[in-house]
Structure formats: structure tokens, C-alpha cells
1. Using only alpha carbons, build the gyration tensor for segment 1-51 and give me the equivalent ellipsoid semi-axes, biggest first, whole Å.
2. Quick one: Cα centre-to-centre distance for segment 1-41 and segment 152-193, in angstrom?
3. Along each of its three principal axes, how wide is the spread of alpha-carbon positions in segment 76-213, in whole angstrom units, largest first?
4. Where in segment 9-99 are there GluC sites (Glu not before Pro) that are in a DSSP coil and have at most 13 other Cβ atoms within 10 angstrom of their Cβ?
5. Which value at 222 nm does the chain reach when only helices count, each DSSP H run of 4 or more adding -39,500 (n - 2.57), with the total divided by all residues and rounded to the nearest 500 deg cm²/dmol?
6. Could you work out Rg/(2.2 N^0.38 Å) for the chain, with Rg from alpha carbons only?
Amino acid sequence: MDLPAALYEPTDDGYLATALTIGPWDAGLQHAGPPAALLLREAERAGGIEGGQTVRLAYDIFAPVPVGPVRLRSSVVRPGRRIELVETVLTAGDERPLMRLSAWRMRTRPDGAAPPTPAPHPAAAGPEDSRSEQAAFFSTDVAYHRALDWRFPTGSFNAPGPASAWTTPRCSLVAGEPMTPLQHLLVMTDAASGISAELDWTTATFANVDLIVSLHRAPRGEWVGMDAVTTLGGSGAAQCTAVLFDAEGAIGRSAQSLFVEPR
């Protein structure tokens, strides 16, 4: 199968989304993972801390992002040499914001007084010992689920309940440049509520209105993963949380607030 080489192609004033950004609800709308990674890329380019680390990413999803041209703009809300807050907004067509990222960034330095906290690895098995699987609920064959190679130590894309998954990129984020591990993490993490769905995709909508990612260190290596669970509130809302990890161990957590209703 021939797949686009990237999630986005650069244009004169922004980026053009390829078919690999298509989400599960509508073939004309993007999955939120690719634009989340694109917003991160823009925030890091706009920040003033050279070589800094992004430790918290808070996304607000105001409306679905169409598959097509998008534009981004950034501002440093709180400048600083050690800590900064960068805000990036994504628009398409008119100037109405569709997604917004608020990213806290910090300088990076070795800290011999505070070594990493040892902890068991969250994954039950590594990617080489996990089951390869493709999501069966996308309406088009070339869509977001093809952008990453998915491997499941536990659970499934296509059955309800908690799940854990490893992923590695099959494409770049922006044509002509490699996808960084943190960009890869953001492409993946918005799918936490998809792999741990508690409702049938054909009978219910459970779209997230936000995504929060908190990291104690940056991801490293070719494979990153998540161990996700969705909790239904019984009142039209739900929450999905996930532990995020790479081959060396846990790197942080994510949370999503879900709007739930019958389709």
C-alpha cells in the first residue's frame, strides 16, 4: 500500500494535511494526534530556551480540524531563561482557533543531586513480543491508524477495555524532516481514549475536548507507548488516563476529558 511520506506538507503560509491525518469519526476531519504534534513543533520553535525540555502540554480542542490547509501562530506568554510558557494556536480557513496548546518549557541540565526515580516498566512486554494490530473502525483505508506501527502487549484497538500499546512512526510529521521522539509521542497519545474505549464506536461518540500531557523526562528512542484506561462517568462525560513510556521506562502521564453521547 502506498502511503503519504508525511502527515503534513509545508505551504507558503502553513501546512497541508495529508490523508494520514484522517480521524475515525469523519473522513473530512483530522484525528487530534497529528495537529497536537504540529502545535508542539511550533511551540518549541517559538520558545527562547535553546535545547530546553517541554514538560507540560495542555491542549484545548475547540472544534474538529479539517483535512486540508492549516496555519499556526505562537506567542511566548511567560518568557524566561530557565522557565517559559509558550502558547500556540491552530486555525484553518478563517482565523477562528480550532486547537490551542499551552506548553511549559524548562532548561535542561544534569542534576546529580536528584537522580531518576527507579520504577517498574509499565509495559507487560516489549514491542517485539507484542501483537501487531490495525484499527478496524476507520472509514478509509489510508488514515491516522496507518501513520504508526501499533503493537499491543495487552488489550486491543478493536475490543473494549483497558489497553497498552507500543508505536513507532511509519512517516514523518512534516515532509523533509525526521519526526522527533516527542512529536511521535504527541501523534500517539491522543489515541489513548481509542485503544481503551469502553463504548462501541458504531453506537456512541466519545470525543475528547482536551489533552493534557505531563512529563518528568523527554521520550527517547524509536518506540514509545502508553497504558490507557477509560472511566465512564454515567452522565455524558468520561475520562481517559494513560501512563506514557519508552523502552527505558515511564516518562509521564496523559489525561483526556471525553464528551459522550449516542451516535
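1. Details: eigenvalues 116, 33, 21 Å².
One finds semi-axes of 24, 13, 10 Å for segment 1-51.
2. One Cα centre to the other: 14 Å.
3. 48, 48, 32
4. Loop-located and lightly packed - 50, 95.
5. When only DSSP H runs of four or more count, the value is -3000 deg cm²/dmol.
6. Working: Rg = 17.6 Å, N = 263, 2.2 N^0.38 = 18.3 Å.
This ratio for the chain stands at 0.96.
Just so you know, all these numbers are worked out from the coordinates, no wet-lab data involved. Quick caveat, the model's predicted, so the values are computed rather than measured. Reconstructed Cβ throughout: ideal geometry from the backbone, glycine too, with neighbour counts over all protein chains shown.
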